[in-house]
Structures are given as C-alpha cells and as structure tokens.
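Working notes, structure below.
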Amino acid sequence: MLIPFNDDNPLEGITHAYVTWALIAVNVLVFVLVQHGYRAELDIASAFGFGAIPAVVTHAAVLPEEYVRLPAELTLVTYMFLHGGWLHLAGNMAFLWVFGDNVEDALGHARFLLFYVLCGVAGGLAHSLAVPDSASPLVGASAGISGLVGAYLMLHPNVRIWVLMFLRVPLRVPAIWPLGAWIVFQLWSLFQSGDEETAWWAHIAGLVAGAVLIVFLRRPGVPLWVMTRDGTPDGRPPV
C-alpha cells in the first residue's frame, strides 16, 4: 500500500487551489453532517438516496419511494461525496490533497471542477453498465480521484512525490512509479481479484476520462509529459 502525502510541484498558473480545498471540505462536511460520521457504516437512507444504484441508473429497477431524494441521473454526481467510512474518506482525500492542486493549476478553477465531476460521472456510468442489475449503491470519490491520477501522470510523470509504504515507511519517488503501480493494481483487481465489493470499472473509467480530458481542457501553453526540470519532455519541445 502506497499512500501519497506530499509532492515537490509548485503552482504556476494559480495562487491557491480553491476548488481542491472546497472539494475536500465538502466531502468531510457531508461525512460528518449528512452521514453522521461517528457511525461505523454509511446509513441506508443516505446510501440509497444519494448513492448511484446501477439498476436505478440503467432503469432496470425502480427505487422505493421512501428512498428517492433525487433523479437517478443526479446521483451520478452526489455519490462522489459519500463514503463508507473514515478510511475510505481519508484515502481519497489524501490523493485529492496531493494531486488536485496541480491538476487545478493546469486547468484553472472552473474547468477543474468540470473535469472532476465528469471523471466521477464517467466512473459511475461505467460501473452501472458493468453491473446493470446491481441494487448496491455506489459511493465514494474514487472515480474522480482516479481522474486526477490519469491527469497528473499526463502532466507530471517525473515529479518526485512522498508516499508512505505500508503506512509506515516514507519514500520520495517519481510519480510514475507509485501511480503506475496503482494503475496496474486496478487492472489486476478488475480481471483477477474477484472482489465484487469494489467498483473497479469506476476506477478505470475515471482514470481514462482524466487522461483524455486533460489533453483538451488544460490551459493554453501547459505541456504534457514534462520529464525534465527545464519543462521539456525528453528534450523535445512541449506539446
């Protein structure tokens, strides 16, 4: 297990990552105030009312009226702000804290928010299509976070980041190594682990969406695949 906690990557286009901070704050507030975070598990009313239920999203089933809070399409956004527990929340927020500011820097505030939501929606749709008859609510920011991973690798694969290995050993390594290992783990888990409790397709779809969207939404002049400190990828002009 590799948990990121810092990176050596100063901001260039913005002074403060306001949207990243706001997203972290909203996730924590929803967990504490809406989910009543002192509980060990996500309560049923919140999970079914605001989580993305594949069978409801695909119209294979109808949610009982007492649980309906929003149209099914809107739950593809609201599910991103619910979490199954403190560890679920803390893991996602650690990734958002480390990588969100630099992706926001590359996109600008408004486009970063759009980017984050689109990655989450892509993940929710992919999960719903993969298990269209499932009545289990999808919750968590993981698809949006996966989009950040894809975008960060497209932007800064060689930036050194600090990670905790096994939650104990601090390591400072190029981003491509721990994030690449994370991607390999997602793919392995999707096809080999047999773990049906985790929405692996949501992670993969969010990752792909992030890698694609950053190409089109980044601010003019922001290069991709910066491999050296002078801003050129392997000696070639920035693209």
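The values are calculated or read from the model by the stated rules, or taken from the named source; none is laboratory data. This one's a predicted model, so the numbers in the text were calculated from it and none came from an experiment. Neighbour counts are summed over all protein chains in view; Cβ atoms, including those assigned to glycine, are modelled from backbone coordinates with ideal geometry. Just so you know, the surface numbers come from the protein's heavy atoms only, side chains and all, with ligands and any DNA or RNA stripped out. Shrake-Rupley method; radii C 1.70, N 1.55, O 1.52, S 1.80 Å.
Compared with the dominant Cα axis of the chain, that is its longest principal axis, helix 86-107 is turned about 50°. Of the peptides 112-118, 147-153, 161-167, the ranking by mean beta-carbon count within 10 Å, highest at the top, reads 147-153, 112-118, 161-167. Considering only trypsin sites (Lys or Arg not before Pro) in DSSP loops that have at most 11 other Cβ atoms within 10 Å, the longest stretch of the chain without any of them is 40-167. Under the rule a/c < 1.5 gives rounded, and otherwise a/b versus b/c splits prolate from oblate, where does the range 100-196 land using the Cα gyration tensor? Note, shape of the range 100-196 comes out oblate. The simple spin-label model puts a point 7 Å past each Cα toward its Cβ; for residue 6 and residue 215 those points are separated by 3.5 nm.
Taken about its Cα centre, the chain carries a charge dipole of about 600 debye when Lys and Arg each add +1 at the Cβ and Asp and Glu each add -1 at the Cβ.
Given the -39500 (n - 2.57) contribution per DSSP H run of 4+ residues, what per-residue ellipticity at 222 nm results for the chain, rounded to the nearest 500 deg cm²/dmol? Display every interim value, and only then the final one.
Working: 9 runs with 116 residues, N = 239.
After summing the helix terms and dividing by the residues of the chain, the value is -15500 deg cm²/dmol.
In the chain, the longest principal axis of the Cα atoms and the axis of helix 200-217 are about 50 degrees apart.
Which of rounded, prolate or oblate describes the range 1-125 when judged by the alpha-carbon gyration tensor and an a/c cut-off of 1.5? Could you put the intermediate results ahead of the total?
On the way: a/c = 2.47, a/b = 1.66, b/c = 1.49.
In terms of gyration-tensor shape, prolate.
Each other residue within a Cβ distance under 13 Å of residue 4 adds +1 if Lys or Arg and -1 if Asp or Glu, for a net charge of -1.
Within the accessible surface of the range 1-122, defined with a 1.4 Å probe on protein heavy atoms only, the carbon and sulfur portion equals 70 percent. Think of the range 1-142 as a dipole: +1 on every Lys or Arg Cβ, -1 on every Asp or Glu Cβ, centred on the Cα centre; then among 36, 3, 123, 36 lies furthest on the positive end.
Using a simple spin-label model with pseudo-atoms 7 Å out from Cα toward Cβ, residue 190 and residue 167 lie 2.8 nm apart.
Note that the range 15-171 presents 45 Å² accessible area per residue, ligands and nucleic acids not counted, probe 1.4 Å. Hull volume per residue, based on the alpha-carbon atoms of the chain and their convex hull, is 125 Å³. Taking θ as phi - 60° and the Karplus parameters 6.51, -1.76 and 1.60, the scalar couplings of the range 117-127 work out to 5, 4, 5, x, 5, 4, x, x, 5, 4, 5 Hz in sequence order, x denoting glycine and proline.
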